[in-house]
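Nothing in this text is a laboratory measurement; each read-out follows from the coordinates by a stated rule. Note that the structure is a prediction, hence the values are computed from the model and not measured. Don't worry about glycine lacking a Cβ; one is built from the backbone with ideal geometry, like all the others, and counts go over all protein chains shown.
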Amino acid sequence: MSPRKPTGAAVLQPEVTQAITDAVLDELAEQGYGRLSMEAVAKRASVGKSALYRRWSSKQEMVTAVVSEFSVARADVEDTGSLRGDLLLTLEAFHEWITHPQFSRIFPDLVAEGARTVEQAERTRHAIGVPRRERAEAMLRRAIARGELPGDTDLEMAMDLLAAPMYWRLVVRQAPLGPDYLDRLADLFLRALGAKV
């Protein structure tokens, strides 16, 4: 979800937008979604509340836009030409995303908020889940086109499988990863999907 278009003669200054974005992430990490307020974000960013409302119409829209911008870009990985190469980059990017010092405190709170509020769950799914899954699906479709995965691969199941083990280990169990965890996870994924590599 992109920021609102300014009305009248208002011009959105990139440095102000960045200060607000940083403030939103800081407030989310420190206070959580439920206690975050537009007033606190404006104060932390050293701007008036009007600077926020020129960009977003509500707290919900602001949080969704900022977290989406932070999260979706981190799912962009280059095409290495092989499924295993793409898979390792994707797993590394996923690991960096959910262990980011700031975002690792935000993500569980957003998941919990989504469990409490259907509207917020839908916002998060559409702004973050859908575009991240589109990138994963593109990786899998490239592998099918190269003959590395069967043509009838269940893409929905494969995408769930891609994210679930690390999410479970790091977020739910809060267990550390061993030095070769990502390599072993990539190999497990390849075996589970019957990859030809």
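With bins 10 Å wide starting at 0, give me the P(r) of the range 1-150 over every alpha carbon pair, in whole percents.
Spelled out bin by bin, the range 1-150 gives 11, 36, 30, 17, 6, 1 percent.
In whole percent, what relative contact order does the range 69-192 give with Cα contacts below 8 Å and a gap of six or more residues?
Dividing the mean separation by the residue count of the range 69-192 yields 31 percent.
Taking the range 77-130, how much of its Cα-Cα pair set, in percent, is spaced more than 17 angstrom apart?
52
Order these by the 10 Å Cβ neighbour count, fewest first: GLU113, GLU156, GLU92.
GLU156, GLU92, GLU113
Quick one: if the Förster radius is 22 Å, what FRET efficiency do GLU119 and SER57 give, using the C-beta to C-beta distance and rounding to 0.05?
Efficiency computed from Cβ-Cβ geometry: 0.95.
Cut-off is 10 Å between beta-carbons; in what order do HIS126, HIS95 appear when sorted fewest neighbours first?
Lowest to highest Cβ neighbour count: HIS126, HIS95.
With all distinct Cα pairs included, what does the Kirkwood hydrodynamic radius of the range 69-192 come out to in Å, to one decimal, could you say?
After inverting the pairwise mean of 1/r, the radius is 15.3 Å.
So between ARG135 and GLN31, what do we pick up on full extension, going 0.36 nm a residue minus the alpha carbon distance?
Contour length minus Cα-Cα distance gives 34.4 nm.
Please report, in whole Å³, the volume per residue of the convex hull around the C-alpha atoms of the range 38-101.
Roughly 103 Å³ of hull volume per residue.
For GLN18 and GLN174, FRET efficiency with R0 = 45 Å and r from the beta-carbon atoms, rounded to 0.05?
Efficiency, rounded to the nearest 0.05: 0.90.
Please report how many Lys pairs in the chain have alpha carbons closer than 30 angstrom, counting only residues at least 8 apart along the chain or sitting on separate chains.
5
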